[in-house]
Amino acid sequence: MNLRISRGAMRTPLLAVSCALGLLINGSGAWAQSYVSGLDAVDAGRVEEAVDIWETIIRNDAPDRAQAEYALALLYETGRAVPWDEAKAAALYASSGLPEALTNLGLMYAEGARGRL
């Protein structure tokens, strides 16, 4: 049995893969821009706007959800633009899974927040 694949047959799957990668890259860039927009809002003193942006990213399970959870956890831990809530901050840190988030979670426990979580 002799199978021959023409060049045109190979080109079609490669084109499909290239298009899919382009959409993924462009799509994730849009979400990354939203996260960065949240950081820009904080820098400009519009923290409530940043909260809205990051909550939307989390709700939509965007690719940069972990960063948004970490940023929002920082706000809940400090009570900046949101009510102070250590339990919510701890849950967001844990959900984020970023090394810096898990470090902050460990520090919360080490500083005695365990009884309040």
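Annotations for the structure displayed:
- Considering each residue of region 42-49 in turn, none proves to be surrounded by 17 or more Cβ atoms within 10 Å (Cβ to Cβ) and either at pLDDT 95 or above or small (Gly, Ala, Ser) (or both).
- Counted residues, region 101-117 - those being surrounded by 12 or more Cβ atoms within 10 Å (Cβ to Cβ) and modelled with pLDDT of 90 or more: 6
- In the set Ser95, Ser37, only one residue is of a type in the set (S, T, N, Q), touching a Lys or Arg at 6+ places or on another chain (Cβ under 9 Å), assigned to a helix (DSSP H, G or I) and surrounded by 12 or more Cβ atoms within 10 Å (Cβ to Cβ); that residue is Ser95.
- Matching residues, region 73-88, being crowded, with 16+ Cβ neighbours inside 10 Å, of a type in the set (A, V, I, L, M) and in a helix (DSSP H, G or I): Ala73, Leu74, Leu75
The values are calculated or read from the model by the stated rules, or taken from the named source; none is laboratory data. Bear in mind the structure is a predicted one, so any value in this text is a computation, not a measurement. Here Cβ is always computed from backbone atoms with ideal geometry, including for glycine, and neighbour counts include all displayed protein chains.
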